[in-house]
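Notes follow the structure.
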Amino acid sequence: MESMKGSILNFYRERYHISSRDLADAGESNRIVANIISSLLFILGAGDLIALILLHHSDLQSYSKHLTYFGIFMIPGILIFLYSKLTKNGPEEKSYIKKTIPVYIVIYMSLFISVFNFYVLGKTFNGVVIYFLTAFISLSVFSFSPVIFLLGIVMAIGVMAPGIYEQFGLSGIADSILATVVMFCLALYKRRIEKKQLMFLKKQKQNLEAKTFGNFTLLYENKVIKFSRTKSNELMAYLIYKNGSSINTKELLSVLWGDKANSSKHGSSLRNLIVDIKHTLSELEIQNFFIAEYNNFRINPAVIKCDYYDFLNGDKTVISRFAGEFMSQFSWAEETAGFLEMKAVGK
């Protein structure tokens, strides 16, 4: 029995386990999407709550269940939004875990809402629909552990099983079990694809390099990557300097064109830079390096060699090579050059 358990665990680790460090970029995607979903949940809950109060203010006691229901949307929604802001930056090895906690809260909260609809509000059909929507949307937009996902959907369908049997009979139970198994298999398949992609990106890292000491240079297969637009190079330099943190449009406009940059005038220029970068990297077949999501832009530091990152990680050989210059052609990098010089001297 123990040997069989060990074999299953070894099989799972070999095919589906991914280290938290390798999933750091997926954690940032999780953070951004959870931030958006939590905002929508809060707006939905607040809107419904206000409508309920306006329409039934004289008899709110009769709608206590609905007040609780809307509160389930609102309170976790605002807490997740605030938490996602606090976890924007952090150590790479811990960022995936911290940034994915809101994902599990969103998933489990939505599954709880399905059960709440099913039993407390008496809307059995709504409960089942929310259950399946939660599972399939989660599979579409988040990166998560298939085991934790399985635990959530099994608990939810297990709690609803008596009601499903009462409403839909044995066929309803059978369909629910089958759908749950299919969703778990999809979660495993997604994690397997994710692992294969990460293995490919690790190979790509051997050919993609950023040199930041002195002037900034971005190379692929030992050749300088040449963008069509001059500021495309500066945009890439700034994102590499930010080490995987998401940067919004407003900050990029300020960095590239100054604090007084006109969003309408320079917004078009920024979009042209984005297109230029995507086109250039696509022609070189560089994957999952430059990432644009929901008005947020970043690079994936796990797929590029960079002397700046090695310096921050304490590589003594790289630290000894630092001569006091960091991305010298960009004025915004001057302060960081001073910081690195102080750190190098301290070492």
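On a full-extension model of 0.36 nm per residue, what is the gain between residue 283 and residue 254, subtracting their alpha-carbon distance, rounded to one decimal in nm? Let's see the in-between values first.
Numbers: separation 29, 0.36 × 29 = 10.44 nm, distance 2.88 nm.
In short, 7.6 nm is gained.
Label reach from residue 345 (point 7 Å along Cα→C-beta): in segment 317-331, amide nitrogens under 17 Å belong to 319-326.
Contact order for the chain, expressed relative to its length and based on alpha carbon pairs under 8 Å spaced 6+ residues apart, stands at 16 percent.
Within the chain, what whole-number % of the accessible surface is contributed by carbon and sulfur, with the 1.4 Å probe and all protein chains included in the calculation?
60 percent
Net length available on complete extension from residue 17 to residue 51 is 7.6 nm, with 0.36 nm assigned per residue and the Cα-Cα distance removed. Find how many whole Å separate the alpha carbon centroid of segment 236-293 from the alpha carbon centroid of segment 128-201. Centre-to-centre distance over Cα atoms comes out at 36 Å. For segment 24-169, the Cα gyration tensor yields ellipsoid semi-axes of 29, 22, 10 Å (square root of five times each eigenvalue, largest first, whole Å). The calculated FRET efficiency for the pair residue 211 and residue 9, based on their C-beta separation and a Förster distance of 41 Å, comes to about 0.45. Building the convex hull from the alpha-carbon atoms of segment 36-115 and averaging its projection over directions returns 5.6 nm². Provide, for q = 0.23 Å⁻¹, the log10 of I(q)/I(0) from a solvent-free Debye sum over equal Cα point scatterers in segment 254-347. Computed log10 I(q)/I(0) values: -1.17. Assuming 1.002 mPa s and 20 °C, estimate D for the chain with Stokes-Einstein, Rh taken as the Kirkwood radius over Cα pairs, in µm²/s. For these conditions, the coefficient is 92 µm²/s.
A Gaussian network model of the chain, with springs between Cα atoms under 10 Å, assigns the largest mean-square fluctuation among 59, 276, 310 to 59. Taking 0.36 nm per residue of separation and subtracting the Cα-Cα distance, full extension of the segment from residue 323 to residue 88 would add 81.5 nm. Across all C-alpha atoms in segment 144-198, the radius of gyration and Dmax reach 13.6, 46 Å. Inter-label distance, residue 63 to residue 222: 7.2 nm, where each label sits 7 Å from its Cα along the C-beta direction.
Stokes-Einstein diffusion for segment 240-298, with the hydrodynamic radius set to the Kirkwood value over Cα pairs and evaluated at 4 °C in a medium of 1.567 mPa s, equals 106 µm²/s. Note on residue 126/residue 197: beta-carbon distance plugged into 1/(1 + (r/R0)^6) with R0 of 35 Å gives a FRET efficiency of 0.45.
Accessible surface for residue 268 stands near 50 Å², nearest 10, in the context of the full protein assembly shown (1.4 Å probe). Comparing 162, 102, 301 in a Gaussian network model of the chain where C-alpha atoms under 10 Å apart are linked, the largest mean-square fluctuation is found at 162. Projecting label points 7 angstrom from Cα along Cα→Cβ for residue 44 and residue 332 puts them 3.5 nm apart. The largest-to-smallest principal axis extents of the Cα set in segment 183-313 are 51, 37, 30 Å. When you count the other C-beta atoms within 10 angstrom of each residue and take the mean per peptide, 235-245, 76-86, 23-33 line up highest first as 23-33, 235-245, 76-86.
With a probe of 1.4 Å, find how much accessible area segment 1-75 has per residue, and write the answer as a whole number in Å². Intermediate results must be reported in sequence, preceding the final value.
Numbers: 4600 Å² over 75 residues.
Heavy-atom SASA per residue in segment 1-75 reads 61 Å².
The values are calculated or read from the model by the stated rules, or taken from the named source; none is laboratory data. The structure displayed is predicted, hence computed values, not measured ones. Backbone-built Cβ (ideal geometry, glycine too); neighbour counts: all protein chains shown. Heads up: the accessible areas ignore ligands, DNA and RNA and are worked out on the full protein's heavy atoms, side chains in. Shrake-Rupley method; radii C 1.70, N 1.55, O 1.52, S 1.80 Å.
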